[in-house]
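Below is one structure, written out as structure tokens; comments come after it.
Readers should treat all values here as calculations from the given coordinates under stated rules, not as data from a laboratory. Source: prediction; values computed, not measured. No Cβ is skipped: glycine too gets one built from the backbone with ideal geometry, and neighbour counts run over all protein chains shown.
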């Protein structure tokens, strides 16, 4: 591989990385728990955008259940964010002809 081609690919990758970072911010995913009684929405940066709790869980004696469901919903949403980022990164890598297992800095 010649040096000029490598430099061109590096510049292209840098431009696409900027685009990827913008796309990541626009990602929104939901995680839910308790058959949908608790729903958490996160953006691509992992910031919580919304939390929905079914009113039936608003009982003092179910406080621990509610806390566990919020954590479970957040965990599910976080896993979905990571999956979406991984998919977008793989799309980027495939377009550049780079190894699929190459890690990109975020």
- Message: Calculate the FRET efficiency for residue 19 and residue 53 from the Cβ-Cβ distance with a Förster distance of 41 Å, rounded to the nearest 0.05.
- Response: 0.70
- Task: Starting from the alpha-carbon convex hull of the stretch 1-55, give the projected area averaged over all orientations, in nm².
- Result: 5.3 nm²
- Query: Using the per-residue mean of other Cβ atoms lying within 10 Å as a proxy for protection, in what order, highest first, do the peptides 44-56, 69-81 fall?
  - Reply: 69-81, 44-56
- Between 0 and 90°, nearest 10: helix 63-96 axis offset from the chain longest Cα axis: 10 degrees
- For the chain, what is the mean residue ellipticity at 222 nm derived from helices alone (per DSSP H run of n ≥ 4: -39500 (n - 2.57); sum divided by total residues; nearest 500 deg cm²/dmol)? -19500 deg cm²/dmol
- Message: I need the Debye-formula profile for the chain: one equal scatterer per C-alpha, no solvent, reported as log10 I(q)/I(0) at q = 0.14, 0.20, 0.24 1/Å, two decimals.
- Response: -0.64, -0.95, -1.17
- Task: Within 10 Å, count the other beta carbons around each residue, average over each peptide in 60-66, 24-30, and list them highest first.
- Result: 24-30, 60-66
